[in-house]
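Here's the structure, in structure tokens; my notes come after.
Read the figures in this text as sums done on the coordinates, not as results from a lab. Just so it is clear, the structure is predicted and the values come from calculations on it, not from any experiment. Don't worry about glycine lacking a Cβ; one is built from the backbone with ideal geometry, like all the others, and counts go over all protein chains shown.
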Amino acid sequence: MVAAKITRIEETYEPNFDAKWFFPDRQPDVVERHRDWMLPNHYDPASGKLKLSIHSWFVQVGGRNILIDTCVGNDKERPLPFFHRLKTPYLDRLAQAGAEPEDVNLVMCTHLHSDHVGWNTRLTNGRWVPTFPNARYLFHRADVEYFKAVDPHKSSARGEAYKDSVAPILEAGLADLVSGLHTVDEHLALEPAPGHTPGTMFITLASHGARAVFCGDILHQAIQIFHPEWNSVACADQVKARRSRRLVLETCAGSGALLMPTHFGAPFVCHVDAKGDTFVPRWA
Ligand SMILES: [Zn+2]
């Protein structure tokens, strides 16, 4: 049996979010204390911006091609300038990793924010159509209901992606809505971890004795390993977001699973060790 192969499919990796705005609990001396790992891959001192990668994880396991989180996408109308009408060679990068769009069997979105659902669809003849026509798309039911109800013009809940990146998948009959613990197959399972959004979930992978946890935005940056109580400005429920972050970190520290977030800077993944009542990263 072949072991799982995981490839990072990068969309963008550059300074983007203002660090002070993004982490309201941020302390002024944080860069000084964490300089050894933070610079230059995770923070840009010149601009004061975080350097958050935006990428998918492409998992090949059990004969299937699986995409975890689908970035911002091309041509999407977005209020954030660095998400707006992108033109990146994302699909070329996926092809280099071994899959044309028709080869993708399964797409899983850890939650339905705009930078996790974008490549679900692409613009063809003026319409948003599924990018991966032969895939099943797994969404959490709570996020579908939450974002369906959001008016993107009246809310900061970032519901702008629902119409162009989620609804077309539902209309095409390609979506499977899940809730609670959900086992995909002998390798993959989804675990609910609400807080960042109501339907946020993390994905566990087990193959040949190795384990990985795909945590989406339960952690945006490695500083949250040291400070699991730090929510990002995008977290919807403050108490639950903290609880879910700790759950993911405890899961990784307790099992030795590799933490595979969607936005960490290089080297993009790490192991997690418990230290007192908090945690430290062990870079891969
Ligand atoms: Zn995100």
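Overall, the anisotropy analysis places the range 106-252 in the oblate class: the square-rooted eigenvalues a ≥ b ≥ c of its C-alpha gyration tensor yield a/c not less than 1.5, with a/b not exceeding b/c. Calculated mean residue ellipticity at 222 nm for the chain: -5000 deg cm²/dmol, from DSSP H runs with n ≥ 4 weighted as -39500 (n - 2.57), summed, divided by the residue count and rounded to 500.
Working from label points 7 Å from Cα in the Cα-to-Cβ sense, the residue 64 to residue 26 distance is 3.8 nm.
Listed by chain and number, the aspartates and glutamates placed with their C-alpha closer than 17 angstrom to that of residue 275 are 229, 250; residues fewer than eight positions away on the same chain are left out. Computed packing ranks the peptides 129-135, 31-37, 234-240 as 129-135, 234-240, 31-37, most packed first, by mean other Cβ atoms within 10 Å. Taking every DSSP bridge with both residues inside the chain, close to 75 percent are antiparallel. In a fully extended conformation the segment linking residue 266 and residue 172 would gain 30.2 nm over its present Cα-Cα distance, using 0.36 nm per residue.
Value of Rg to Rh for the range 70-133, rounded to two decimals, is 0.95; Kirkwood radius and Rg both from alpha-carbon coordinates. Packing around the peptides 14-23, 201-210, 116-125, taken as the average count of other Cβ atoms within 10 Å per residue, puts them in this order, highest first: 116-125, 201-210, 14-23.
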